[in-house]
Amino acid sequence: MMRLKTARVWRALLAGLEVAGGGMASVPTLAAPPPSADKFFALERDVPLGPKIDRFDYQSLDPSSGRLFISGMSIGKLLVFDTRTNKLLTELNGYPQVTGVLAIPELHKVYASVPGDGVGALVSAASGMAGIGSGGGQVVILDSNTLHEIARVPGGVFPNGITYDPDDRTIFVTDEFGKGVTIIDGEADRTIGRVELGGLIGNVQYDPITKRVYAAVKNTNELVAIDPKSHAVAVRYRLNGGRHPHGVAISPGSALAFVACDEDDRLLVVALDSGRVLNSLPIAHRPDVLAIDPALRRLYLASESGALSVLDIKDAASPVVIATFPYAENAHSVGVDPKSHRVFLPLRNVDGRAVLRILQPKT
């Protein structure tokens, strides 16, 4: 019960910060009924994940094992789903909450962001947000084969998004409310640095072309580039054409970033070498998690409003929205298997049950 209450407090806190930053945009009026998902996807199956829950968060697929790691944020569990047998392998327990998750096959490790829970954690978080404390969040490191815990390292106030720099074998974890990014040595399993960004931080991604890490800073409306070698801010790009950037994905092979802005429901295309916004297009209400199928050149965007958007990114600088349709309440997390092209939507409540909905695109 305490976990659920704390999760609600976090959401209320975040909502308050969003309102303070300018309020949420209204839901756009549709000129025509939205298309049916059946036109674009075949429903492969709904896999039961237990009783209904408050909230799922990020997902990460380990292509070497076919294991899909799903953050059960509000229940404090990391779910491990076998995409080859279509079975829930196990639920890793004992976490107050789980937000971000990233499987790194090269290291044979899985990283999970674990914010604190309970009254003590809220006090710790409040002091961290006020700049007088470091927070009680952690990053849990697991062996991806045995699923045994290897280590825990400090994660700040509210650890969240995670990305990996393969050149330096370092992991970058956003501290959303702590206004910084934690840097972890992927071999030594210890914290080796922190970059202060000075604002509420959304997701983070590494670009192999520019060889920089990019984090969305929501209340300053920036995409900040971090130099992975110096552990310092390289440049700050002011984002025009969208407000409150949160979700980030890197277009394969083109040094372009897709940035989802959840205050005015816009998707930006940003040139990473210059910071220039090449495109700004309307998207579903409160866009959140993005996932890319490189072979099909498709971008999937799941929104807090429960809508799923499908975009053609053959011309990455000018993405085209193929369809946006309501799918399920709060279905704001999406994952994709680049080999089978299956799309994964963890849904918190379908007739009183949590399920993993698996879709096969009709190509």
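Do we find that His285 is out of contact with any Leu (no Cβ under 6 Å at 6 or more places or on another chain), open to solvent by less than 20 Å² (accessible area, probe 1.4 Å) and in a loop (DSSP other than H, G, I, E, B) in this structure?
On the way: out of contact with any Leu (no Cβ under 6 Å at 6 or more places or on another chain): yes; open to solvent by less than 20 Å² (accessible area, probe 1.4 Å): no; in a loop (DSSP other than H, G, I, E, B): yes.
Taking the combined requirement at face value, the residue does not satisfy it.
Look at Lys362 and say whether it is of a type in the set (Lys, Arg) and under 26 Å from Leu88 (Cα atoms). Can you show your working first?
On the way: of a type in the set (Lys, Arg): yes; under 26 Å from Leu88 (Cα atoms): yes.
When the stated conditions are applied, Lys362 passes them.
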Per the filter on the stretch 261-282, residues over 22 Å from Pro208 (Cβ atoms) and outside any strand (DSSP E or B) are Asp262, Glu263, Asp264, Asp265
### Residue check, Glu196 open to solvent by 50 Å² or more (accessible area, probe 1.4 Å) and in contact with a Gly (Cβ under 6 Å, 6 or more places away or on another chain)
yes
Does Ala249 satisfy the condition of being open to solvent by less than 20 Å² (accessible area, probe 1.4 Å) and farther than 20 Å from Glu222 by Cβ? no
Restricted to the stretch 288-317 and to residues being part of a loop (DSSP other than H, G, I, E, B) and touching a strand residue (DSSP E or B) at 6+ places or on another chain (Cβ under 6 Å), the residue nearest to Ser65 (Cα to Cα) is Ile313
Picking from Gly76, Gly94, Gly66, Gly72, the residue that is modelled with pLDDT under 95 and within 22 Å of the chain's Cα centre (by Cα) would be Gly94
For the stretch 207-225, state whether one or more residues are part of a strand (DSSP E or B), of a type in the set (Ser, Thr, Tyr) and either touching a Ser or Thr at 6+ places or on another chain (Cβ under 8 Å) or under 15 Å from Pro154 (Cβ atoms) (or both).
-> no
With criteria (1) closer than 20 Å to Tyr111 by Cβ; (2) within 17 Å of the chain's Cα centre (by Cα), Val259 comes up short on (1)
Filtering the stretch 128-161 down to residues that are at pLDDT 95 or above and among the hydroxyl-bearing types (Ser, Thr, Tyr) yields Ser144, Thr146
Residues of the stretch 318-346 being buried (at least 19 other Cβ atoms within 10 Å of the Cβ), part of a strand (DSSP E or B) and either modelled with pLDDT of 95 or more or among the basic types (Lys, Arg) (or both), in sequence order, are Gly335, Val336, Val343, Phe344, Leu345, Pro346
Residues of the stretch 269-297 being over 21 Å from Asp57 (Cα atoms) and in contact (Cβ under 8 Å) with a residue 60 or more places away in the chain, in sequence order, are Leu272, Asp273, Pro282, Leu296
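The values are calculated or read from the model by the stated rules, or taken from the named source; none is laboratory data. Computed from a prediction, not measured in an experiment: that's the story for all the values here. All Cβ positions, glycine included, derive from the backbone under ideal geometry; neighbour counts span all protein chains shown. We work out accessible area using only protein heavy atoms, side chains counted, and drop any ligands, DNA or RNA first. Shrake-Rupley method; radii C 1.70, N 1.55, O 1.52, S 1.80 Å.
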